[in-house]
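Worksheet: the structure to be examined is printed underneath.
Every read-out reported here was derived from the displayed coordinates using simple, explicitly stated rules and does not represent laboratory data. What you see is a predicted model, and the numbers here were worked out from it, not measured in a lab. Cβ coordinates were reconstructed from backbone atoms using ideal geometry, including for glycine residues, and neighbour counts include every protein chain displayed.
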Amino acid sequence: MRGRSQLGFIAAGLTLAWGFFGLVDPLVLVRIVGLDVVQPRGLSEARAALGALFMVMGAIMLWAAWSKSAPRAYLRLPGILVLAEAAGRLASIVIDGVLSPGNFVFLLVEVIVGCCAVIASFPGARNRGQRRPAADGADDRPDPLRAYRG
């Protein structure tokens, strides 16, 4: 495990930790991010959006970083989603003028996690060229639907 795969594990670990914290104690988490829960429905929304969603994204990133056969898009897409979250936070800082220390820390962590995942999703120098099509243009990858196509 070297270089880019370590970045994938870092991104997955931070995302999983955030999601686990959101599932276990959403009331503390909403206070940290500056939200108020005024009805029990708000608690379930926090548990779903800040807990379960991040747990699944972190688990997908962990699987993609761990598995050698996993498509790299499974690491890239959650990274792009975290970067989109950072872009929304940056827009709020610029448009709404909400530059607080907590908001800046969350922005920084989101940029780090998103960039780690996206960078880790690209093949390293050793992995380039592993899946090249055959010289005659035929695709040498296995076809799972071959039996049905005849």
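The alpha carbon centroids of region 34-60 and region 2-17 are separated by 22 Å.
Using 0.36 nm times the number of residues separating residue 80 and residue 32, minus their current alpha carbon distance, what extension gain do you get?
So the extension gain works out to 14.9 nm.
One entry in (1) 0.97; (2) 1.07; (3) 1.11 is Rg/Rh (Cα atoms, Kirkwood Rh) calculated from the shown coordinates; its label is (3).
Remark: the chain carries a charge dipole of roughly 700 debye about the Cα centre, counting +1 on each Lys and Arg Cβ and -1 on each Asp and Glu Cβ.
Given the -39500 (n - 2.57) contribution per DSSP H run of 4+ residues, what per-residue ellipticity at 222 nm results for the chain, rounded to the nearest 500 deg cm²/dmol? Each step should come with its number before you reach the end.
Numbers: 7 runs with 99 residues, N = 150.
Per the formula, -21500 deg cm²/dmol.
Express the relative contact order of the chain as a whole percentage, based on alpha carbon pairs under 8 Å and six or more residues apart in sequence. The value is 29 percent.
List the relative contact order of region 18-62 as a percent without decimals, with contacts defined as Cα pairs under 8 Å and 6+ residues apart. Write out the running numbers ahead of the final one.
Working: 41 pairs, mean separation 25.8, N = 45.
Over region 18-62, the number comes to 57 percent.
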